[in-house]
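Everything on this sheet refers to the single structure shown next.
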Amino acid sequence: MRRVRVVELLFLATCFSVTFEKLHWNLAGAVSLADILTILFLIAFAGTRLAGSTRRVTKTNFHVLAFTSAFLLYYLVDFFYL
């Protein structure tokens, strides 16, 4: 129950900070508070899903992961090709 509460809190903090995009740092590019909160939310959300009773990957999850990996690979190759 506590993990779910942390995920809900991080989700609300992410939505709030994305709405009011004013805080950012020039550390390794432009890192904003919304970016940090989004990464923390995704890690916490994945942690609650992996801690569940089923640890198998569904077909939908596999397809999303495959397309995301393909797009990432394409953008990395294109970036270094420049």
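Looking only at segment 1-15, how many residues end up being free of Cβ contacts under 8 Å to residues at least 12 places away in the same chain and either among the charged types (D, E, K, R) or open to solvent by less than 100 Å² (accessible area, probe 1.4 Å) (or both)?
Taking segment 1-15 as the starting set, the residues that turn out to be free of Cβ contacts under 8 Å to residues at least 12 places away in the same chain are 1-2, 5, 8-9, 12, 15.
Now narrow it down to the ones that are either among the charged types (D, E, K, R) or open to solvent by less than 100 Å² (accessible area, probe 1.4 Å) (or both): 2, 5, 8, 15.
Number of matching residues: 4.
Filter segment 1-34 for residues that are charged (D, E, K, R) and at pLDDT 80 or above and give the result. Reasoning before the result, please.
First, pick out the residues of segment 1-34 that are charged (D, E, K, R): 2-3, 5, 8, 21-22.
Hits for segment 1-34 are Arg5, Glu8.
Which of (1) open to solvent by less than 100 Å² (accessible area, probe 1.4 Å); (2) at pLDDT below 80; (3) of a type in the set (Gly, Ala, Ser) does Ala70 not meet, given it meets every other one?
(2)
All but one of (1) open to solvent by 100 Å² or more (accessible area, probe 1.4 Å); (2) at pLDDT below 70 hold for Ile43, so report the exception by its number.
It is condition (2) that Ile43 fails.
The values are calculated or read from the model by the stated rules, or taken from the named source; none is laboratory data. Quantities reported herein were computed from a predicted structural model and do not represent experimental measurements. FYI the Cβ positions are ideal-geometry reconstructions off the backbone, even for glycines, and counts take in every protein chain you see. To get the accessible areas, we keep the full protein, side chains included, count just its heavy atoms, and leave off ligands, DNA and RNA. Shrake-Rupley method; radii C 1.70, N 1.55, O 1.52, S 1.80 Å.
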